[in-house]
Amino acid sequence: MSISWNWLLIISGAVLILLEVALGGFAGFDLVLIGSAFLVGGAVGLLFHGLYLGMIVAGILCALYIVVGRRWVRAHLDPKGGGGVRSNADALIGEKGLVLARIAPHQPGRVRVRQEEWRAVVDPAASGSMEEGSEVTVTGVDGVTLQVR
């Protein structure tokens, strides 16, 4: 039984894409685009019945992405780099909130920000505690815990 190398490119591309999706984008979208290059290369090779054509197309697309596209993707998809759009919990940085349960340096409390209740800790640069009913500003996010001052 012989396997077509073009089918191997297609299967490898699909595995790379699924791996990126399954692991939550740990590679910064790189595996999706390289996997897509493999898929396109394999499809072109199958369409024109050319082993070398598929590999050349996949190689050229991968090289183009690494040389040119990677910088563009990183600049537009990195919310912490300031170039992208802040979303999810990162969008709360700078927002005002109301303390619902006392927050002390080594005692987490609760705050309400944008009509949502969050676990909160004192920002490492701040000192003292924050009493219930006081207004705070979100300075950072650590998982599902807001840092406030």
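The values are calculated or read from the model by the stated rules, or taken from the named source; none is laboratory data. Fair warning: this is a prediction, and the values are worked out from it, not measured in the lab. With ideal geometry, Cβ positions are generated from the backbone for all residues, glycine too; neighbour counts draw on all protein chains shown.
A few notes on this one:
- Close pairs from segment 48-74: first at negative phi and surrounded by 12 or more Cβ atoms within 10 Å (Cβ to Cβ), partner outside any helix (DSSP H, G or I) and of a type outside the set (Lys, Arg), Cβ under 8 Å, at least 6 apart: 51/4; 73/28; 73/29; 74/28
- Qualifying residue in segment 77-88 (condition: touching a Lys or Arg at 6+ places or on another chain (Cβ under 7 Å), loosely packed, with under 15 Cβ neighbours inside 10 Å and at pLDDT 90 or above): no
- All conditions but one from (1) farther than 30 Å from residue 91 by Cα; (2) at pLDDT below 85 apply to residue 56; the one that does not is (2).
- Segment 123-149 - residue that is of a type in the set (A, V, I, L, M), closer than 13 Å to residue 97 by Cβ and out of contact with any helix residue (DSSP H, G or I) (no Cβ under 9 Å at 6 or more places or on another chain) and, of those, surrounded by the fewest Cβ atoms within 10 Å (Cβ to Cβ): 130
- Of the set (1) of a type in the set (A, V, I, L, M); (2) modelled with pLDDT under 90; (3) in contact with a helix residue (DSSP H, G or I) (Cβ under 7 Å, 6 or more places away or on another chain); (4) more than 30 Å from residue 40 (Cα to Cα), all apply to residue 91 but (3).
- Once segment 17-32 is narrowed to residues that are out of contact with any Asp or Glu (no Cβ under 9 Å at 6 or more places or on another chain) and surrounded by 14 or more Cβ atoms within 10 Å (Cβ to Cβ), the residue that is farthest from residue 5 (Cα to Cα) is 19.
- Filter pass, residue 93 being surrounded by 14 or more Cβ atoms within 10 Å (Cβ to Cβ) and either over 30 Å from residue 10 (Cα atoms) or assigned by TED's automatic domain parsing to the domain that holds residue 17 (or both): yes
- Restricting segment 88-125 to residues that are small (Gly, Ala, Ser) and in contact with a strand residue (DSSP E or B) (Cβ under 8 Å, 6 or more places away or on another chain), the residue that is farthest from residue 147 (Cα to Cα): 101
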